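Let me begin by presenting the structure, written as structure tokens, before commenting on it.
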Amino acid sequence: MQLQATGGGAWEMVEMREMEFHLLSSIGPSANVSGDERATRRLFPTGAISGEEREGDDWKELVVPDLERAFRNAIEVVNGDLAAVEQSEREGEVFFRVKVSAEHTEHWYSALNQARLVLAEKFGLPASEEEFLSESAVVDERWLAGAQSYLYAVIQTFLLESVMGV
């Protein structure tokens with residue numbers, strides 16, 4: 001897969017192979033915290049922030065619904081962009097292309113981040129790719145989650161450095 005800034009904050013993923021497209025299509029399900037208490041706590045933490053105590057009930061009532069809405073919206077935008085995928089075939093191999101408008105970039109960053117946080121909690125992924133690779137000799141569900149998470153990290157880095165100007 002190649003990531004390309006196309007100007008004005010827009011970008012695209014080109015020359016994407018089927019496995020890469022499959023991993024991107026898994027952003028929504030991967031970001032789902034249903035049934036995982038650790039992932040839920042990671043996305044919707046309670047406790048001290050900046051030295052101030054949050055009141056648990058107020059936080060759940062006033063902040064969590066907005067966070068949930070923002071997360072759902074980001075996933076919906078990503079899924080919409082993925083649904084508009086373009087396919088081409090060259091020498092018997094299928095390639096995918098996904099174009100993302102400037103207005104959708106922050107949604108992509110948010111959805112990728114949410115998916116990475118949930119994957120890290122569900123599968124106990126280490127912080128660094130090197131640490132993960134050194135301990136993951138078996139290709140299993142956890143290994144696939146790690147590969148997915150690190151692909152998402154590459155895209156986030158590209159977005160920060162080449163598209164969002166951070």
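The values are calculated or read from the model by the stated rules, or taken from the named source; none is laboratory data. All values reported here derive from a predicted model rather than from experimental measurement. Every residue, glycine as well, gets a Cβ built from its backbone with ideal geometry; the counts of neighbours run over all protein chains shown. Only protein heavy atoms, including side chains, enter the accessible area calculation; ligands, DNA and RNA are left aside. Shrake-Rupley method; radii C 1.70, N 1.55, O 1.52, S 1.80 Å.
Before we move on, is Thr105 open to solvent by less than 70 Å² (accessible area, probe 1.4 Å), closer than 26 Å to Arg17 by Cβ, modelled with pLDDT of 85 or more and touching a strand residue (DSSP E or B) at 6+ places or on another chain (Cβ under 9 Å)? It would help to see each step written out before you state the result.
Values: open to solvent by less than 70 Å² (accessible area, probe 1.4 Å): yes; closer than 26 Å to Arg17 by Cβ: yes; modelled with pLDDT of 85 or more: yes; touching a strand residue (DSSP E or B) at 6+ places or on another chain (Cβ under 9 Å): yes.
Yes.
Scan segment 6-30 for residues that are surrounded by 16 or more Cβ atoms within 10 Å (Cβ to Cβ), of a type in the set (Gly, Ala, Ser) and either over 17 Å from the mean Cα position of the chain (by Cα) or over 14 Å from Leu151 (Cβ atoms) (or both) and the total you get is 3.
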